[in-house]
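Data first, discussion second: the structure below is written as structure tokens.
Nothing in this text is a laboratory measurement; each read-out follows from the coordinates by a stated rule. Just so we're clear, the structure is a prediction, and the values are computed from it rather than from any experiment. Note that each Cβ is placed from the backbone with ideal geometry, even for glycine, and that neighbours are counted across all protein chains shown.
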Amino acid sequence: MKNWILLLTLLPWFGCQMEDGHVEGWHEPPVVVSIYFTVRGKVWAPGGDQTRVLDANRMPVPDALVAFFREAPEPPPARYYCNRCVELPPGTLHTRTDVDGSFELQLKPDTEYWMVVQKGEFRRVTRMVTGASGEVWDSEERRSGPRPSRVTLPAGQRPDEGDWTPRILILRGRGEPHMNVFWEALGFTMGADVEEIRDVDAEWVVSNPEMLRNYSILLATCGDDATYLSKPHIQENLRQWVRNGGKLFVDDFAYDWAEQLFPGFLSYKVDFTLEYEEGVCGGTERAPEQIGRCVNYECYDAAGYAGDDQLAEWIEVVNRYDSLDMKYGCNVIHELGIGEQGECKTELDPRCRDGLFFDVPKVWMYGTSFRYHDKPLTVSWNYHCGKVMYTVLHTHAEGDSATNYELLLQEKVMLYLFMELQTCTSPNLVE
């Protein structure tokens, strides 16, 4: 009896072959017609929409926000502010880009939206009127050349056109005189949203809290000439600037910009020195009194690998076949230490002390060289609403002209880290 029941169940699907080729009893599956307008594509780093930027320097942006509002969204409050992580208004159509910058969203057809693409404080807002049901707008129909501006983060501040960027001040050390090359190769205009001053001349900026609040990011490059960093009032000004939302990016011999303000997070190994003793330096509750005390005067190249899963996957996207060569490492991170990063949500977290959250820095890149094995190359930590990032590597590693300059892999990684540095902060998380 069970076999008969099974046979009767199958019969309607087999049916009989008819002369016109149709199968009796067979029903064609219904054709599904989309009632949505589809937007898909990739989000690109600043400069990706400019003709003067090389194809090799166009980079996709992972974990960028793509959102569609029915009304024009409120602009950011200022160039310098506490960028806390918040939820979007309920019902906002949005997504986050994949590691290759890709995204897809379905919208109402024949409807006006304001499209927002954003990573940290880089934000572009454009008006879009969707097409008919079933239609698709794909930003990647053309596979090379300048990308559509709608899906490219801006390289300049133009609020009237819907473009917002962080304001960056380069504190130029004597070891990296051509930082303009890095920024110009990405389509930025020096002197506008990326300004530059010699580190030896910057005391008047960091002595004045009002001046500091003009900038979103301070980038301190290779040099150990900022002797004023040992002054207590300057240390306090800079700590407060970071605490309230500032982002501090520091590379190799400029390490004092991190060490003098936040001692304890890192210690350094000094194997070659000109005037101080060798050995482990820093990493204590009080920073060394001398600026440049922890400089290791032997630079090196290293074979690198990512300490962050998303960064590792992104490197595969932009650098699928090449080795991860890191050039011009100057200074050596010896060990990671524990430091204050913000306020605690719960005292049950073992990293909490008296309501404050303490943790070690996050390691973004490790490297191995002839002398040093599996050492952190690039690290970051939160300090309340701001962030600090330190790398032993030159941010801009070679070249004195941006004309036809193709960024090195480590420079592309630096751009990725700049984007991560100025994303929002959440308590108890090192992002």
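Charge dipole of the stretch 37-161 (Cα centre as origin; +1 on each Lys and Arg Cβ, -1 on each Asp and Glu Cβ, all else neutral): 340 debye, rounded to the nearest 20. Labels on offer are (i) 36, 29, 17; (ii) 39, 24, 18; (iii) 48, 25, 23, and the one holding semi-axes √(5λ) of the Cα gyration tensor in Å computed from this structure is (iii).
For the stretch 152-278, dividing the convex hull volume of the Cα atoms by the residue count gives 136 Å³ per residue. Taking GluC sites (Glu not before Pro) across the stretch 103-159, the ones in a DSSP loop with at most 11 further Cβ atoms lying within 10 angstrom of their Cβ are 141. Diffusion of the stretch 92-160 by Stokes-Einstein, at 10 °C in a medium of 1.306 mPa s and with Rh set to the Kirkwood radius over alpha-carbon pairs, works out to 117 µm²/s. Across the chain, Cα pairs under 8 Å and at least six residues apart give a relative contact order of 15 percent. In this structure, the amide hydrogen of residue 152, modeled 1.01 Å from its nitrogen in the peptide plane, lies closer than 5 angstrom to those of 44, counting only residues at least 5 positions away or on a different chain. Normalised by the number of residues in the stretch 37-161, the mean separation of alpha-carbon contacts (under 8 Å, six or more apart) gives a relative contact order of 40 percent.
A Förster radius of 22 Å, combined with the Cβ-Cβ distance separating residue 346 from residue 236, puts the computed FRET efficiency at roughly 0.15. Taking the chain as the region of interest, the number of lysine pairs whose Cα atoms are within less than 17 Å, with members eight or more places apart or on different chains, is 11.
Here the gap between residue 63 and residue 140, fully extended at 0.36 nm per residue and compared with their Cα-Cα distance, gives a gain of 25.9 nm. Ranked by how many other Cβ atoms sit within 10 Å of their own Cβ, fewest first, the residues 88, 393, 65 fall in the order 88, 65, 393. The spread of Cα positions in the stretch 341-385, taken along each principal axis and listed from longest to shortest, comes to 44, 21, 11 Å. What is the calculated FRET efficiency for residue 133 to residue 78, with r their C-beta to C-beta distance and R₀ = 41 Å, to the nearest 0.05? For R0 = 41 Å, the calculated efficiency reads 0.50.
Indicate the gyration tensor shape class of the stretch 37-161 (rounded, prolate or oblate), computed on the Cα atoms with a ≥ b ≥ c the square roots of the eigenvalues: a/c under 1.5 is rounded; otherwise a/b larger than b/c is prolate and the rest oblate. Judged from the Cα gyration tensor, the stretch 37-161 comes out oblate (a/c at least 1.5, b/c at or above a/b). The angle separating the long axis of helix 309-318 from the principal Cα axis of greatest extent in the chain is about 80 degrees. Which loop chymotrypsin sites (Phe, Trp or Tyr not before Pro) in the stretch 103-132, with loop taken from DSSP, have no more than 15 other Cβ atoms within 10 angstrom of their Cβ? Qualifying residues, ordered by number: none. Among the chymotrypsin sites (Phe, Trp or Tyr not before Pro) within the stretch 330-431, those in coil by DSSP and having at most 12 neighbouring Cβ atoms inside 10 Å are 370. Legend: Rg and Dmax of the stretch 246-386, from Cα coordinates, 16.4, 49 Å. If only the Cβ of Lys and Arg carry +1 and only the Cβ of Asp and Glu carry -1, the dipole of the stretch 166-421 around its Cα centre is close to 520 debye. If R₀ is 56 angstrom, what is the calculated FRET efficiency for the pair residue 88 and residue 275, using the beta carbon separation as r and rounding to 0.05? Computed FRET efficiency for residue 88 and residue 275 comes out at 0.55. Rounded to the nearest 20, the size of the Cβ-charge dipole of the chain about its Cα centre is 760 debye, with Lys and Arg at +1 and Asp and Glu at -1. Its relative contact order, with pairs defined as Cα atoms under 8 Å and 6+ residues apart, puts the stretch 241-336 at 32 percent.
For the options 160, 193, 400, a Gaussian network treatment of the chain with springs between C-alpha atoms closer than 10 Å singles out 160 as fluctuating the most.
For residue 424, nonlocal amide neighbours, meaning residues 5 or more places apart or on other chains whose placed amide H falls under 5 Å from its own, are 120. The residue among 51, 107, 132 whose Cα reaches farthest toward the positive pole of the charge dipole of the stretch 37-161, with charges on the beta-carbon of Lys, Arg, Asp and Glu, is 51.
Each semi-axis of the equivalent ellipsoid for the stretch 166-421 is √(5λ) with λ an eigenvalue of the Cα gyration tensor; in descending order they amount to 25, 22, 20 Å.
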